[in-house]
Amino acid sequence: MSKIKIITDSVSDLPSDLVSKWDIEVVPLSINFQDETYKDGIDITNEVFYKKLRECTTLPTTSQVNTIEFLDIYKKFYDEYDNFIVITISSELSGTYQSAVSAGEAQELKDKVTVIDSKGITLGQGLIVLEAARMAKRGEEKDAIIKRINNMVKKIEYILVVDTLEYLKKGGRLSATKAFVGQTLKIKPVLTMKDGKLIQSNKIRGRKKVIKWVIKQIEKSRVDLSTQTIGINHTDSKEFARELEEKIQEKFAPKEIVFGDVGATVGTHAGPGAVAVYFEKN
């Protein structure tokens, strides 16, 4: 039985207790404010990050994980593990995927490293990573894990309700849509992932209607959440996200809910006040 190490980047936004429990290696992206650069989840807490984000006059930028950083991780675990499965942020949104691939092209790593583009972000990506790590811990074979991951990549549903599109527009991370300011109308844009890209799929007028709308969307999907691990997270909007979690629990009784913060990398582009739900479609 081969020993498999699951590696991801910090965009996966998995809570630290799950990262530790399931032996997941997380490689951080970088957040660049005018005054300093921070490693996502290492040098800066989410609480401090969102405080700085609200106060800054110039938006921070983000930097991908580079090839050397991935190579260092592969070397670190080379003797301990037979295979590495690396699951990254969508290649449409970051060069991190290509860095992981390039690092794995070294002669001694070619047969050992498999890199998979999650075509997603934050806990949608995280759910895929978590499933892979659990399978690896159970001793399942590499091919079985890769097959399951590739299936999940196609089926993860993303429902992200943001307060404004301004951060995404300024960061250049929103495709196939025009950002508009709907603050006076209290319009909440709804985003999803399609072919690895963020697109606007809808808009909701007023925060009170968000939870009802999300519940209705899950109902429309006709998915049985009682057999699923789902994800719920937020950008400095915990109370709102907990309210959403409570309603989803009441209505659908999911097998497991992974609840957490959207980290600094995605938070840079989403801005404060967002909530999101992730689950696997049929």
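Note on the stretch 5-16: among residues that are in a strand (DSSP E or B) and not hydroxyl-bearing (Ser, Thr, Tyr), the one that is nearest to the chain's Cα centre (by Cα) is Asp9. Can we say Ala241 is touching a strand residue (DSSP E or B) at 6+ places or on another chain (Cβ under 7 Å) and in contact (Cβ under 8 Å) with a residue 40 or more places away in the chain? The answer is no for Ala241. Within the stretch 202-259, track down each residue that is on the phi > 0 side of the Ramachandran plot and out of contact with any Ser or Thr (no Cβ under 9 Å at 6 or more places or on another chain). Matches in the stretch 202-259: Gly206, Arg222, Asp236.
Given the criteria touching an Asp or Glu at 6+ places or on another chain (Cβ under 9 Å) and at pLDDT 95 or above, does Lys154 qualify?
Numbers: touching an Asp or Glu at 6+ places or on another chain (Cβ under 9 Å): no; at pLDDT 95 or above: yes.
No, not satisfied.
Give the stretch 92-113 a look and list any residue that's in contact with a Lys or Arg (Cβ under 8 Å, 6 or more places away or on another chain) and in contact (Cβ under 8 Å) with a residue 40 or more places away in the chain, or say none. I'd like the intermediate steps shown before the answer.
First pass over the stretch 92-113, keeping only residues in contact with a Lys or Arg (Cβ under 8 Å, 6 or more places away or on another chain): 92-93, 104.
Across the stretch 92-113, the qualifying residues are Glu92, Leu93.
Pairs are defined by a Cβ separation below 6 Å, a sequence spacing of at least 6 or placement on different chains, a first member in the stretch 114-138 that is on the phi > 0 side of the Ramachandran plot, and a second member that is surrounded by fewer than 23 Cβ atoms within 10 Å (Cβ to Cβ); the pairs so defined are Lys119/Ser90; Lys119/Val153; Lys119/Gly196.
Considering every residue within the stretch 17-27, establish whether at least one is part of a loop (DSSP other than H, G, I, E, B) and over 14 Å from Ala264 (Cα atoms). Outline the logic, then answer.
If we filter the stretch 17-27 for residues that are part of a loop (DSSP other than H, G, I, E, B), which is where we start, we get 22-23.
Those left that are additionally over 14 Å from Ala264 (Cα atoms): 22-23.
So far as the stretch 17-27 goes, yes, one or more of its residues are part of a loop (DSSP other than H, G, I, E, B) and over 14 Å from Ala264 (Cα atoms).
The values are calculated or read from the model by the stated rules, or taken from the named source; none is laboratory data. Keep in mind that this is a model prediction, so the values were computed, not measured. Note that each Cβ is placed from the backbone with ideal geometry, even for glycine, and that neighbours are counted across all protein chains shown.
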